[in-house]
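Quick notes on the structure that follows.
Just so you know, all these numbers are worked out from the coordinates, no wet-lab data involved. What you are looking at is a predicted structure, and each value in this text was computed from that prediction instead of being measured. Cβ coordinates were reconstructed from backbone atoms using ideal geometry, including for glycine residues, and neighbour counts include every protein chain displayed.
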Number of protein chains: 2
Amino acid sequence: TDTRSRILAVAREMFHGRSYADVGIQEICEGARVQKGSFYHFFPSKRDLALAVIDDMADDWAHGFVAEAFDQALPPLERLDYMIDAAYYWQKASADLEGRMPGCLFGNLALEMSTRDDVMRARLNAVFDKARDQFRATLDEAVALGALAALNTEATASAMLAYLEGVILLAKTRNDPEVILVLGPAIKTLRIEMSH
Amino acid sequence: TDTRSRILAVAREMFHGRSYADVGIQEICEGARVQKGSFYHFFPSKRDLALAVIDDMADDWAHGFVAEAFDQALPPLERLDYMIDAAYYWQKASADLEGRMPGCLFGNLALEMSTRDDVMRARLNAVFDKARDQFRATLDEAVALGALAALNTEATASAMLAYLEGVILLAKTRNDPEVILVLGPAIKTLRIEMSH
DNA sequence: CAGTCGCTTGACCGACCGGTCTACTTTTTG
DNA sequence: CAAAAAGTAGACCGGTCGGTCAAGCGACTG
């Protein structure tokens, strides 16, 4: 229904821009112009809402941002630049609009919740695994095309994901999206060699 | 006094292992075996406590972990490996003791608080700047010694810091300290060239 | 037209939040 | 030794938290 998706959208934005603990259900209800009873008709608990938000955003990500950035038409290594650019423009748009960088919803939630909720941690882990697989496929292709010397693509893919999250973390702390532009491209220099 | 430092120590551990919002003042007081009145005698607010915790930990860091890892006696590039190892053993010790990886206190707080409190963000930023300067000095030395081809040491230092934070974030999400051992050494492959 | 079912309303709950306050004890200081 | 200052004790505050619930709504269905 429309109520459910309105709650989901508002919660997503609030969780992203602030944090899980800092956003209250009442506030979400106000933002979505919904009463508490309705909220609890659709979501058994705040935690379940958060899980739904993660799924929702992961879906949007997979079909929007990621699908574009990892466009098969581009040469593999250029996809990485494309993705950095996409991350930059997205964060910059938020910074211009709201005066602050929300960072990565998944990274934010991962650091906040990993030590408190294993189910949520597992869910975020799965999102990261999917992202890593995208990197990995890209690297595999680059190696196959001879654009890159053979390397441990799985580990390097994880390293690239970690680097991306780290760059966004640093940019958010500096409240300066340009950090992504300056540091981002170095993602291509990361290498983990194959183990023997 | 001793009461103040007991509060500080307990708060640090709790903030590190969970999050700022998730830890209550009452809980901290119980942990430190102190009454609320005493707490507010030493700290005007929870937020000020958090700032004090940041300063306290930054100090310990600078004089302990960092000072060791960036030991001047070691060849520059080996210091990076040493630092990765130190991060690994620290996180592993926590994981073994408490069953969970706390991650980096500064990274955790940065993602949780950056959009909500500019003073705290600035404080965390300063901590990161200091860490970056350590990386930078190491890189400068490596270049001077000819162990590394000339590069943009300041930007590369930031990239390395971001990567370290990202690796810890990923390891925490996977709840597996070994991630640090596998991905960490690739920090030496990061390069940002000098701009012309 | 009666009944049911998805959805909504909003009052209400106990628990806990960060923070205040007054009274009391201990330590320092002149 | 007296007085002031530093620290401790713990009851208390309004507000908000996540969550519950009984009642009511309108739209389908028999």
*Whole-Hz couplings from phi, Karplus 6.51/-1.76/1.60, listed for segment A:60-75; x for Gly and Pro*: 4, 4, 4, 8, x, 2, 5, 4, 5, 4, 9, 3, 5, 6, 7, x
_Taking beta carbons within 10 Å but only from partner chains, what does the mean come to for residues A:120-130?_
2
*Amide hydrogen neighbours beyond the local backbone of A:Phe70, cut-off 5 Å, H modeled*: none
*Quick one: what are the phi-derived ³J(HN,Hα) couplings along segment A:46-54, Karplus 6.51/-1.76/1.60 with θ = phi - 60°, whole Hz, x for glycine and proline?*
4, 4, 5, 4, 4, 4, 5, 4, 4
_Kirkwood hydrodynamic radius of chain B, from inverse mean 1/r over distinct Cα pairs, in Å_ = 17.9
*By how many degrees, between 0 and 90 and to the nearest 10, does the Cα long axis of helix B:2-17 differ from the longest principal axis of chain B?*
60
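What FRET efficiency, computed as 1/(1 + (r/R0)^6) with R0 = 45 Å and r the Cβ-Cβ distance, is obtained for B:Ala149 and B:Gln35, rounded to the nearest 0.05?
0.15
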*asked:* How shielded is A:178-188 by partner chains, expressed as the average number of their Cβ atoms within 10 Å of its Cβ atoms?
replied: 4
*Going down the table (A:Lys36/A:Lys172; B:Lys46/B:Lys188; A:Lys172/B:Lys36; A:Lys92/A:Lys130; A:Lys130/B:Lys92), which pairs top 30 Å between alpha carbons?*
A:Lys36/A:Lys172; B:Lys46/B:Lys188; A:Lys172/B:Lys36
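How large is the helix-only mean residue ellipticity at 222 nm for chain B, computed as the sum of -39500 (n - 2.57) over DSSP H runs with n ≥ 4, divided by its residue count, in deg cm²/dmol to the nearest 500?
-23000 deg cm²/dmol
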*Whole-Hz couplings from phi, Karplus 6.51/-1.76/1.60, listed for segment B:132-143; x for Gly and Pro*: 4, 4, 5, 4, 4, 4, 4, 5, 4, 5, 4, 5
*Environment charge at A:Ala32 (Cβ cut-off 15 Å; Lys +1, Arg +1, Asp -1, Glu -1)*: +1
